[in-house]
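Derivation of every value follows stated rules applied to the coordinates shown; laboratory data play no part. Nothing here was measured: the structure is a model prediction, and the numbers come from that model.
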């Protein structure tokens, strides 16, 4: 069972999503690292020359914010369900958070 529309699509229509994903996959971590470095110079946040873990937390937080901004831009260009909404039915967020907190406390108690 083949889809003739996909097979007949021109190459640039097949290549464009791959290029965008590659740019996001490689570019976003580098952009976040550069912004984290710039933030450490301007706002004296954790530096890459000090302890590594605080700097990585900053870099990952910036990756998260850049990803949310990219999703917001993409949502305006290509309207779709990007999964950024609360579940429509009953959720188990509160029990999961409580169990996580409980196991977190158990793991730090000697």
Percentage relative contact order, the range 9-84, counting C-alpha pairs under 8 Å, at least six apart: 26 percent
Expected 222 nm ellipticity per residue - DSSP helices of 4 or more, -39500 (n - 2.57), all of the chain, to 500: -24500 deg cm²/dmol
Identified option (computed volume of the Cα convex hull per residue in Å³; candidates (1) 211; (2) 229; (3) 94): (2)
Highest-MSF residue in the chain out of 55, 86, 99 [GNM, Cα springs under 10 Å]: 99
Gaussian network model of the chain, springs between alpha carbon atoms under 10 Å - residue of 37, 82, 92 with greatest fluctuation: 92
With Cα atoms, 0 to 90° folded angle of helix 11-42 axis to the chain main axis: 20 degrees
The chain: angle of helix 93-108 to the longest principal axis, Cα-based, in degrees nearest 10: 40 degrees
